[in-house]
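Everything on this sheet refers to the single structure shown next.
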Amino acid sequence: GAVVSQHPSWVICKSGTSVKIECRSLDFQATTMFWYRQFPKQSLMLMATSNEGSKATYEQGVEKDKFLINHASLTLSTLTVTSAHPEDSSFYICSARARGRPEAFFGQGTRLTVV
Amino acid sequence: QKEVEQDPGPLSVPEGAIVSLNCTYSNSAFQYFMWYRQYSRKGPELLMYTYSSGNKEDGRFTAQVDKSSKYISLFIRDSQPSDSATYLCAMSAGGSYIPTFGRGTSLIVHP
């Protein structure tokens, strides 16, 4: 299957600081990338969908000013958690799919802990 | 009613058993069906992808889609302890291909 690399795999930051998470498609062009948040023993919660070169589409209830998504190239999307607070602590996962393909491939996930 | 329903389990089976995992859905526009496996603290891994109704086999895994019943299944033959994970079904319609996920079924295969 296609490879999606996400890093860092874990990060600890202080409350009030910002954290950037990168998601790269290594062997295909990702026209669409998805960002998810997952709580323990829960399913994936879609945060936003981004298409290369366009602004991200955020799901209802997700603060776009807090979770900044950039998808500037066909192989890279970034999620920046701004002014992080302890309640933002979670597992964040990206996925990517190629044009015309419905199946999406996931990154390894990033565990964010805000102290 | 959620668009995709999936029993969270846990489902506990002995090694070597045939495992059946299922999802039901309500949106008749769904055409693309996927199964993912997720180990604890890892991103989901795509196992199977099928389009429309029918069966697809890959090694010990078989995916079935019955669009008339809005029901999909994943069968695992000769289950192994290493199959212990959470299995997520996902489906999407054409166009945006935004997947809708089930909540996942926790599978435990004990030696």
Of everything in the range A:71-88, what is within 28 Å of A:Lys14 (Cβ to Cβ) and surrounded by fewer than 16 Cβ atoms within 10 Å (Cβ to Cβ)? Give them in sequence order. A:Ala72, A:Thr80, A:Thr82, A:Ser83, A:His85, A:Pro86, A:Glu87
Selected residue (criterion: surrounded by the most Cβ atoms within 10 Å (Cβ to Cβ)) from residues of the range B:45-66 that are more than 14 Å from chain A (Cβ to nearest Cβ) and closer than 28 Å to A:Gln42 by Cβ: B:Gln64
Output the number of residues of the range A:89-115 satisfying the condition of being more than 9 Å from chain B (Cβ to nearest Cβ) and crowded, with 23+ Cβ neighbours inside 10 Å. 3
Filter the range B:74-111 down to residues that are among the hydroxyl-bearing types (Ser, Thr, Tyr), assigned to a strand (DSSP E or B) and in contact with an Asp or Glu (Cβ under 8 Å, 6 or more places away or on another chain) and give me whichever is surrounded by the fewest Cβ atoms within 10 Å (Cβ to Cβ). B:Thr100
May I ask you to list the residues in the range A:34-49 that are more than 19 Å from B:Arg41 (Cα to Cα) and either without any contact (Cβ under 8 Å) to a residue 12 or more places away in the chain or touching a Leu at 6+ places or on another chain (Cβ under 9 Å) (or both)? A:Ala48
Would you point out the residue of the range B:24-44, among those that are within 8 Å of another protein chain (Cβ to nearest Cβ) and of a type in the set (D, E, K, R), that is surrounded by the fewest Cβ atoms within 10 Å (Cβ to Cβ)? B:Arg41
In the range B:1-10, residues that are in contact with a Leu (Cβ under 9 Å, 6 or more places away or on another chain), of a type outside the set (Gly, Ala, Ser) and surrounded by fewer than 17 Cβ atoms within 10 Å (Cβ to Cβ) total 2
Which condition from (1) of a type in the set (A, V, I, L, M); (2) crowded, with 21+ Cβ neighbours inside 10 Å; (3) more than 14 Å from every other protein chain (Cβ to nearest Cβ) is the one that B:Val19 breaks? (2)
Identify all residues within the range A:51-76 that are within 14 Å of another protein chain (Cβ to nearest Cβ) and either touching a His at 6+ places or on another chain (Cβ under 9 Å) or free of Cβ contacts under 8 Å to residues at least 12 places away in the same chain (or both); write none if there are none. A:Asn51, A:Ser54, A:Ala56, A:Thr57, A:Tyr58, A:Gln60
Residues of the range A:14-46 that turn out to be polar (S, T, N, Q) and more than 12 Å from chain B (Cβ to nearest Cβ), as a count: 5
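Read-outs throughout are calculated quantities, based only on the coordinates presented, and are distinct from any laboratory measurement. Remember, it's a predicted structure, so these values are computed and weren't measured experimentally. A quick note on method: Cβ atoms are made from the backbone with ideal geometry, for glycine too, and the neighbour counts reach across all protein chains shown.
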